[in-house]
Structure formats: structure tokens, C-alpha cells
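The structure appears right after this line, and notes come after that.
FYI, it's all coordinate maths here, none of it is from the lab. If you're wondering where the values come from, they're calculated on a predicted model, not measured in any experiment. Note: ideal-geometry Cβ built from the backbone for every residue, glycine included; neighbour counts use all protein chains shown.
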Amino acid sequence: MALQQDFDATEKQQIMQQAALWLVKMSSDDRTDADQEAFEQWLQQNPKHLKQLQALEKTLGNFYQLKQQNTPQAISNTLEQSFLWNGRSALLILFSTLMILAMSWKVLPTQQWFADTKTTYDQWQEQLLSDHSEIKISGTTAYDIRFNQQQRLIDLYRGNILVDVAKDAQRPFIVKTKNAKITALGTRFIIHHYDDVTILTMLESKTKVELLGENRDKHPAITVAAGQQLILNKQGVIAQTNVPTTLFEEAWQQHMLVVQDMPLSHVLGILKTYSSMGITFEAESLQDVKVSATLPLNDDGIDLLSKSFNLKVEKSLWGKWKITK
């Protein structure tokens, strides 16, 4: 009996590890049709696979809800409710679960998974907020809405939004990305956010931009006025240029992207949020190539760029599309 229990514990541990790895793989923007097929085959191999995957997803979801609470007892209860325990296997499964959750929480885009608002690469939507502000959403986008009596906060994890801010003298309207805090001092602006890059285009009035992260104290806040575009990453400001606001807004309405003298790496970074393909590229090798163009916000945009700049688009052994010069 003891031998059987040890075997069951080992099997559960293996399935749990496999489930965590599949969650990482299938949450990646670079996942392919081949990945999807292999994932479905894994699910069909054993009914326990789906059961464990669902348990892990549920636990990660509960962890996301408990993240702000920081209560060990609540977390312990979450683990106990999410997995089946028996006898001597309890400690082994608990330890394995904690290790997998620690790994997954750092790697998986859990905030994107459980965001209040999510769209896929080919979706265009509009959302009216409780304060009557309006957000237009496009491409692969995810954000949380955190309104209270002191402020109106949008946590933008990824994607593309056009914001029309309603006036509220008592509560500032703030958009936070991985590397920037953008406080609206006016009404309308566009934000593209991918990886560690944030691109802000002011259509009307102005915003105050503060850098977040380890370099926040090294860079003063920047005021971005109407007709200006700011590109920044975790190191600081990359570029600040003047742009024609009417043209940019009209392009958004027509599902197009206007860029003026923008590094190719940033253009691809935006376009990949509108692409059905899993694409990768080395930003450093493409940042010296400047692009001025009007591009469709779909796979055709990437195709036009590859032809115009003689880029190589190669499919790797893992099914990803790699773009190089």
C-alpha cells in the first residue's frame, strides 16, 4: 500500500509539472498550431491531465485574487481546496505545488489571464467606464480597472488603447504600464504597450509621465502635450517627437497604424499584438532601421514591412516565425 501511495504521489507530481509547463507554453504569444496540436494530444493521453490543468488554473486564479491580501492562512486554504490530498503524499504534493506555483507566477502572464478586460489580436471594442470615460481597445490587449474615491487607475498589462477621459477634479485618471505611470491632465491619448516598451501619443491636451521601476528616481516626470509622441522603456525615454494628431486618430478609426521615423523594432512590437502569427525578432538588430509608413493593423502590415525592407521571415523548428534583416 505504501509503495502504491508513493507511486501515486510521483505520478501526480509529474502531471503537475507537465501541466505547469503547458500553461507556460500555451500562454506564450509565440505558440503555434503545432503547439496546440501537441497540447491537445497531451490532454487526450490521460483524463488526469485535464483535471490537473484545471486545478492549477483555478489555484493561479485564486492566488491572483489573494495577491493583495498577503494572508498565509488564506493561501494555505486555497491550496487545500484546489488539490486532492491523501496520506503520505500530502507533503510531497504540497511542496511540488508550491514550487510550481512559484515558477508559474513569475513566468505566466497571470495578470493578463485574469484581467477585467481582454481582447484578442483581431478584436476592436469600446468600453464606457463608470465615470463616463471611454476606452477604445484593439488587438491583443489586457487591463484591469481600479477605481476608488481617490483615483481612477487603469493597469495596462499589454496592448493598445485610445482613451477619452471624463473630467473629475477630485480623482486623477492614471494609466500604468510595466514601466510608466501616465496621469491624464487632459482628455485624449493613445497608448501602445508591448514587452518593456510604452508608446504614448497625445491627441488632445497633455499628460504627465513618470518612469517606474529601478530607474524611476533617475528621471524626472515629463509633460507630453498634444501633437507629441513619447517612446520609453525601463531604462528611460527613447524618443519624443511631434506627430500629426488628426492623421493618427483617423488611422485608428480605419484600423491602420501611422508611424513616422519610428525604429522598425517598435513597429514590429506594435504589429505583433495584431498578428495571428507567433513572431519573434531581435530588437537590437532592427532598431537602426527607421520606418515612415501607414500600415494595416493585421498580418498584412508585417508582410508589407518584410517586403519593403527585405526582411527574412523564417519558420523555426518550433513553429515560430522569426524576423531578421
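Read through the list (1) part of a helix (DSSP H, G or I); (2) surrounded by fewer than 14 Cβ atoms within 10 Å (Cβ to Cβ), then give the number of the only condition that N310 fails.
Among (1) part of a helix (DSSP H, G or I); (2) surrounded by fewer than 14 Cβ atoms within 10 Å (Cβ to Cβ), the lone unmet condition for N310 is (1).
Could you list, in sequence order, all residues of the range 164-196 that are of a type in the set (A, V, I, L, M, F, W, C) and either in contact with a helix residue (DSSP H, G or I) (Cβ under 9 Å, 6 or more places away or on another chain) or assigned to a loop (DSSP other than H, G, I, E, B) (or both)?
Scanning the range 164-196 gives V165, A166, A169, L185, I190.
Test each condition in (1) surrounded by 22 or more Cβ atoms within 10 Å (Cβ to Cβ); (2) without any contact (Cβ under 8 Å) to a residue 24 or more places away in the chain for K218 and report the one that comes out false.
Unmet condition: (1).
Can you pull out the residues in the range 219-244 that are under 17 Å from K206 (Cβ atoms) and of a type in the set (S, T, N, Q)?
T223, Q228, Q229, Q240, T241, N242 - these are the residues of the range 219-244 that are under 17 Å from K206 (Cβ atoms) and of a type in the set (S, T, N, Q).
How many residues does the range 221-250 hold that are surrounded by fewer than 15 Cβ atoms within 10 Å (Cβ to Cβ), within 17 Å of P263 (Cβ to Cβ), of a type in the set (A, V, I, L, M) and more than 24 Å from the chain's Cα centre (by Cα)?
Residues meeting the conditions: 0.
Part of a strand (DSSP E or B) and touching a residue at least 60 places away in the same chain (Cβ under 8 Å): which single residue out of I199, I231, I238 fits that description?
I199
Please indicate, with yes or no, whether at least one residue in the range 271-294 is closer than 27 Å to A34 by Cα, touching a strand residue (DSSP E or B) at 6+ places or on another chain (Cβ under 9 Å), free of Cβ contacts under 8 Å to residues at least 40 places away in the same chain and assigned to a strand (DSSP E or B).
For the range 271-294, residues closer than 27 Å to A34 by Cα, touching a strand residue (DSSP E or B) at 6+ places or on another chain (Cβ under 9 Å), free of Cβ contacts under 8 Å to residues at least 40 places away in the same chain and assigned to a strand (DSSP E or B): absent.
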